[in-house]
2 protein chains.
Amino acid sequence: MRRPAKTSEKSPPAGRRPAKPRPARAPAAKPYHHGDLRRVLIDAAMQLVGEGGPDAVSVREAARRAGVSPGAPFRHFPSRDALMNAVAEEAQRRFRAEIEAALADAPSGDPLGRFRCLGIAYLRWAMKNPTHFEIISSRRFFDHDRSAGVSSDNAELIGLTERTLAEAFSAGQLGRRDLKQVQIAGRSLVYGFARMHIDGHLPRWGVAAAEAERMAADILDLFIAGIGAGVAPAAKA
Amino acid sequence: MRRPAKTSEKSPPAGRRPAKPRPARAPAAKPYHHGDLRRVLIDAAMQLVGEGGPDAVSVREAARRAGVSPGAPFRHFPSRDALMNAVAEEAQRRFRAEIEAALADAPSGDPLGRFRCLGIAYLRWAMKNPTHFEIISSRRFFDHDRSAGVSSDNAELIGLTERTLAEAFSAGQLGRRDLKQVQIAGRSLVYGFARMHIDGHLPRWGVAAAEAERMAADILDLFIAGIGAGVAPAAKA
DNA sequence: CAATTCGTGTAATCGGTGCTTACATTCACA
DNA sequence: TGTGAATGTAAGCACCGATTACACGAATTG
């Protein structure tokens with residue numbers, strides 16, 4: 001067990017059936033079959049993640065919220081991990097959608113500017129959805145080699161980042177620096193800041209919650225200035 | 001529950017009593033009182049963390065390995081979290097010791113060089129002890145505001161880093177850059193790389209396990225070159 | 001030396017969890 | 001209309017964290 005703080009709240013005894021399509025034949029009583037239990041379970045789990053983090057997700061609680069017996073979810077997910085996997089897919093999908101939407105507004109002529117925009121969108125989502133971000137980052141909730149959904153969305157984002165920096169490289173914005181090193185450093189910087197935020201490190205480093213977003217932009221600019229400005233043979237456009 | 005894969009291995013039925021001081025009166029039979037159960041439990045938990053990560057630690061398994069009943073640990077730790085807290089203290093202590101040992105060999109005249117040395121030692125330990133590193137980083141295993149042990153060791157390391165970069169600033173090695181931004185960026189970079197490693201991101205970014213340590217040094221150098229070279233004051237309008 | 005006290009371990013138990021099995025119900029299709 | 005597959009329920013297993021009552025033994029003290 002791992003979830004002892006539950007305050008023993010029972011789900012309300014009445015009104016457990018959410019709106020859902022019904023054959024229009026039965027009067028109103030709770031039907032035996034749930035409309036789309038799989039979807040409802042994922043939504044419930046997503047909500048649990050948002051409320052108490054990944055560890056707050058239990059199959060039984062998700063079933064409870066769906067108004068269904070404790071064994072029912074196992075018809076749709078072979079294990080709790082499989083449920084978490086589906087949750088991760090959903091979170092990763094939303095994450096990617098927001099990133100790409102933000103990037104759509106970025107000018108296409110300035111790769112480093114696009115990288116900045118990408119980093120800002122990444123950090124903004126991570127700070128606004130810390131628990132969901134943790135799921136798609138911390139490998140213990142799904143197997144990247146087996147989860148096609150999460151993996152492909154994630155690979156797409158990785159590719160996007162790499163391509164953006166590669167364009168900056170081609171455009172001479174990185175001088176003679178090693179492209180791969182810049183990619184890993186950039187990713188480490190952004191990921192590290194996001195993790196510092198969700199792991200609660202920022203206050204101990206003197207960054208108040210209110211300053212976090214500003215600081216995110218500042219360190220991105222610092223990084224871009226560091227790699228963009230030609231220390232040695234670079235050509236700042 | 002969270003630990004279903006256990007392969008049902010029983011602890012060996014004999015020889016469960018580790019070496020420990022005894023009153024030299026009783027012959028040899030298992031004494032009722034354990035010599036230093038608290039210490040043994042922490043060691044067992046440390047071992048469990050090393051074997052299967054933080055989630056693999058259960059009070060019962062630690063008790064099993066200590067050859068003691070399932071309720072015994074609660075005489076020494078009021079909860080599983082308290083045990084994890086003690087484990088985190090131990091890990092943090094070792095971490096700090098290794099960092100400071102490495103830093104003792106660094107030249108004192110070159111702050112940025114000391115920062116590099118610090119970063120290398122940090123990443124080396126994190127990559128060699130990923131599961132223990134996770135405990136002291138991921139806030140869910142202890143309360144930083146309440147755990148004096150972890151907190152003070154950690155604050156010491158934060159202070160060390162901040163002081164090192166402040167010296168670099170005073171020595172003019174950072175140009176006119178904002179010190180705090182450099183500190184947060186540096187921390188993000190290092191923490192992010194460590195996290196990428198323990199979260200298994202590096203392979204997906206094209207960094208094989210064998211190259212990881214080299215890459216760690218490379219991105220540190222890249223960062224230091226970016227902030228060290230006096231490329232103008234990185235004018236943030 | 002004897003008696004008491006207190007720290008420490010044991011045994012039994014509770015509620016929560018993931019997961020499985022046997023059974024019930026309903027839907028979809030022939 | 002009938003029948004099989006899908007999907008839900010009920011009951012139960014093992015494991016977990018945590019609590020309680022009790023047993024043991026070592027140290028303290030008269």
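Values quoted throughout were computed directly from the atomic coordinates according to the rules given, and no laboratory measurement underlies them. As the structure is a computational prediction, the values presented were derived from the model and not from experiment. Virtual Cβ from ideal backbone geometry, glycine too; neighbours counted across all protein chains shown.
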Working only within segment B:163-193, note down all residues that are more than 8 Å from every other protein chain (Cβ to nearest Cβ) and either closer than 21 Å to A:I198 by Cα or of a type in the set (A, V, I, L, M, F, W, C) (or both). B:L165, B:A166, B:A168, B:F169, B:A171, B:L174, B:L179, B:G186
Return yes or no: is A:R214 more than 19 Å from B:P203 (Cβ to Cβ), more than 7 Å from chain B (Cβ to nearest Cβ) and of a type outside the set (G, A, S)? yes
Is at least one residue of segment A:96-115 within 14 Å of chain B (Cβ to nearest Cβ), among the hydroxyl-bearing types (S, T, Y) and either within 16 Å of DNA strand D (Cβ to nearest atom) or assigned to a loop (DSSP other than H, G, I, E, B) (or both)? no
Has segment B:38-50 got at least one residue that is outside any loop (DSSP other than H, G, I, E, B), surrounded by fewer than 18 Cβ atoms within 10 Å (Cβ to Cβ), among the small types (G, A, S) and more than 11 Å from DNA strand D (Cβ to nearest atom)? yes
Residue hits (segment B:59-86; under 22 Å from B:G149 (Cα atoms) and surrounded by 18 or more Cβ atoms within 10 Å (Cβ to Cβ)) are B:V59, B:A62, B:P73, B:F77, B:R80, B:L83, B:M84, B:N85, B:A86
Residues to consider are A:A63, A:A56, A:A88, A:A72; find the one that is within 14 Å of chain B (Cβ to nearest Cβ) and within 16 Å of DNA strand D (Cβ to nearest atom). A:A56
